[in-house]
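Each remark here refers to the structure printed beneath this line.
The numbers here are math on the coordinates, done by the rules we state, and not lab data. Please read these numbers as outputs of a predicted model, since none were measured by experiment. Positions of Cβ are generated from backbone atoms using ideal geometry, with glycine treated the same way; all protein chains shown enter the neighbour counts.
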Amino acid sequence: MRKAPKRLSQRDKQYHVYALVDPRDNSTRYVGTSDDIEYRFYQHLLRIGVGKQEECWIKELQQLGLTPVLQILEAIQATSNQRALAYERERYWIQEMLREGYSLLNVLGVSQAYPHYDFTIQRSKVRELRIKAALNVSRLSQLSGVSRPSIEKMEKGEAVRADLASAVCRVLSERLGYEVSIEDAEIRIL
């Protein structure tokens, strides 16, 4: 286990909005904010102050000899009136990552709960293939020409047009290096 980093003095502190990224597929799994980013990352690795889903994810990575990748999304000077701004920016980045199609493990934000989002991982074959291909929903949408809402429908098991399913399967096939059919991806067709 790594050694605890030296705590920052108040004078040296800056708020950081950060992401924890899964090194296996480069997907963002958690967004947070801290005024001592190195120490907070150390706490994540020890699974201190984390939710149950995040704890399981970090433990799984550690069992594979991996750790989450810390990605700084934004830095804000740590003055007393900037704390609220840091929390506001954290909420912005959580919303942005959800829009990008990432399944965040956040249960609570630093300053508020996020009850209107379902943070459970949706298990579908097309989603598994997308992740295996190292694509988020936005990138798959760009490459396939299929809208994000249509891809999200596929991942929820809702029926879509055959041409949209074929376009997604084409991109998955190219990225994975083997043929992925509509049936393989378990995409329901209208």
Would you mind working out the magnitude of the charge dipole of segment 125-176 relative to its Cα centre, with +1 at each Lys and Arg C-beta and -1 at each Asp and Glu C-beta, to the nearest 20 Debye?
100 debye
What is the spin-label model distance, in nm, from ARG170 to GLU100 if the labels are put 7 Å beyond Cα along the C-beta direction?
2.7 nm
Stretch gain in nm, segment LYS132-GLN43, where the contour uses 0.36 nm per residue and the Cα spacing is subtracted
29.2 nm
May I ask you to list the aspartates and glutamates whose Cα is less than 17 Å away from that of LYS59, ignoring any residue fewer than eight positions away on the same chain?
ASP22, ASP25
Which residues' amide hydrogens lie under 5 Å from the amide hydrogen of LEU73, considering only partners 5 or more residues apart or on another chain, with H built in the peptide plane?
VAL17, TYR18, ALA19
Among residues other than VAL146 whose Cβ falls under 13 Å from its Cβ, what is the net charge (Lys/Arg +1, Asp/Glu -1)?
+3
If you project the alpha carbons of segment 10-99 onto the principal axes, what extent comes out on each, in Å, largest first?
41, 30, 20
